[in-house]
Amino acid sequence: MRRIADWLQHSLAANERRHSRKILRFTNPGDYRSFLEEWVRRLPGIDSPTPVRALGLIQALACPIPEGDSPPSPGDRIICEEDEKVAIAGLPKGEITSDKGIPWGVRRIKAPEAWSRTTGHRIRVGVIDTGVDFQHPDLAHSLERGINLLQRSMLPQDDNGHGTHIAGTIAAANQYYGMMGVAPRASVHPIKAFDNNGTAYVSDIVLGIDWCVRNHIDVVNMSFGMRTRSKSLLNAVAGAYRSGVLIVASSGNDGRKEEIDYPARYHQSVAVGAINRQGRIAAFTNRSPLIDIYAPGERISSAWIRGKHRIMSGTSMATSHVTGAVALLLSYRPGLSPAQIKAILKQSAKPLKYGKAPRLAGELDISRMLHIAERDY
């Protein structure tokens, strides 16, 4: 791997050429380990801080490479892939609200009826997003430190609002003065991978999933999507699935028929579409037979930065309802595998009364979900 390290060191020093973000995946685990050993040996002799990041979960590197350049690799031992941009899956921001108590979506999925049996206690929920508002009173009892992948020395503080909204729906616990989420005693671990504009790169997402696996997170909310397929992201999602970590992902908000976003499109994740108050599929939802379940996603009130509450719409909001439901399920039936959780969600889904949803997908119903889990698992 010395030749690869020579090439990469030279590429990083090529300031006269325009660089683009790439992911280099090693197809042989031994090659990956050998490269890292060689690279660590060189670090003391490299003048400036290196932008090379190791993506251990998928045996890859994320780094800037001069355009048109490629690693000198024999055969297919190293695969070079664009480090694509990813966007959070929320529609334009709605209005600030003074709503309090239990939002309509939390009621619709019958979460309150389950709280006498399960509240999500001891379940660790990863939220890969824009961070959270650590000062929000609705989240005071729900938040753990998490990680800021953009600035490692800082808390994953939300500078956008999207991540706080997602965390509120999952696990807010302030019924009398604020709002209640689906699983009010679950622990939310925010992973800040997205900047204040709601943009991240695939490598940031992979690092976030890697962190969740290493820190024994039970379920991960990924309220974002991309239209292009990334093998690196697939490998990370599949790696989490094999490790017992379920990923819940949004189908996207482009109103497309027969096509949904990645990573929801990967069969190892739970793909979520949105419904409105009437139980109809929301017009903005991407839909296809690959959707596993629908949940409330239109005009959802939840926590917002600076201690406020805001109404938002999008498959992001639907996804957070499903993630909260999974936290309730895992607290009620610990030890369920990702495959079992996905099967329970699909088996217990309530048939949609309206629209043209694929017959395989229905609406999230927590009472039915717990009944199926108790009866069959």
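Within region 270-300, how many residues are assigned to a strand (DSSP E or B) and either in contact with a Gly (Cβ under 8 Å, 6 or more places away or on another chain) or touching a residue at least 40 places away in the same chain (Cβ under 8 Å) (or both)?
Final tally of qualifying residues: 12.
Quick check on this structure: which one of Ala200, Ala167 is modelled with pLDDT of 95 or more, more than 22 Å from Gln340 (Cβ to Cβ) and in a helix (DSSP H, G or I)?
Going through Ala200, Ala167 in turn, the sole match is Ala167.
Sort out which residues of region 218-244 are within 12 Å of the chain's Cα centre (by Cα) and in a loop (DSSP other than H, G, I, E, B), and write them in order of number.
Ser223
What do you reckon, is Ala282 under 19 Å from Asp204 (Cα atoms) and either buried (at least 22 other Cβ atoms within 10 Å of the Cβ) or within 15 Å of the chain's Cα centre (by Cα) (or both)?
Values: under 19 Å from Asp204 (Cα atoms): no; either buried (at least 22 other Cβ atoms within 10 Å of the Cβ) or within 15 Å of the chain's Cα centre (by Cα) (or both): yes.
Here the answer is no, as Ala282 does not meet what is asked.
Report, ordered by the first and then the second residue, all pairs with beta carbons closer than 6 Å, sequence separation of six or more or different chains, a first member in region 342-357 that is part of a helix (DSSP H, G or I) and polar (S, T, N, Q), and a second member that is at pLDDT 90 or above and surrounded by 15 or more Cβ atoms within 10 Å (Cβ to Cβ).
Here the result reads Gln347/Ile372; Ser348/Arg368; Ser348/Met369; Ser348/Ile372, each pair linking region 342-357 to a residue that is at pLDDT 90 or above and surrounded by 15 or more Cβ atoms within 10 Å (Cβ to Cβ).
Kindly list, by first and then second residue, each pair from a residue in region 301-326 that is touching a residue at least 12 places away in the same chain (Cβ under 8 Å) to a residue that is part of a helix (DSSP H, G or I) and of a type in the set (D, E, K, R), limited to pairs with Cβ atoms under 6 Å and residues at least 6 apart or on different chains.
Ala303/Asp138
Against the condition surrounded by 22 or more Cβ atoms within 10 Å (Cβ to Cβ) and of a type outside the set (Val, Ile, Thr), how does Leu352 come out, does it pass?
On the way: surrounded by 22 or more Cβ atoms within 10 Å (Cβ to Cβ): no; of a type outside the set (Val, Ile, Thr): yes.
No; evaluated as a whole, the condition is false for this residue.
Can you pull out the residues in region 310-340 that are in contact with a Ser or Thr (Cβ under 8 Å, 6 or more places away or on another chain), surrounded by fewer than 24 Cβ atoms within 10 Å (Cβ to Cβ) and of a type outside the set (S, T, N, Q)?
Correct list: Arg310, Ile311, Tyr332.
Going residue by residue through region 218-231, is there one that turns out to be of a type in the set (Val, Ile, Thr), over 20 Å from Pro351 (Cβ atoms) and surrounded by 22 or more Cβ atoms within 10 Å (Cβ to Cβ)?
Within region 218-231, one or more residues are of a type in the set (Val, Ile, Thr), over 20 Å from Pro351 (Cβ atoms) and surrounded by 22 or more Cβ atoms within 10 Å (Cβ to Cβ).
The values are calculated or read from the model by the stated rules, or taken from the named source; none is laboratory data. Since this is a predicted model, take the numbers as computed values, not measurements. Counting neighbours? That spans all protein chains shown, and the Cβs are built from the backbone with ideal geometry, glycine included.
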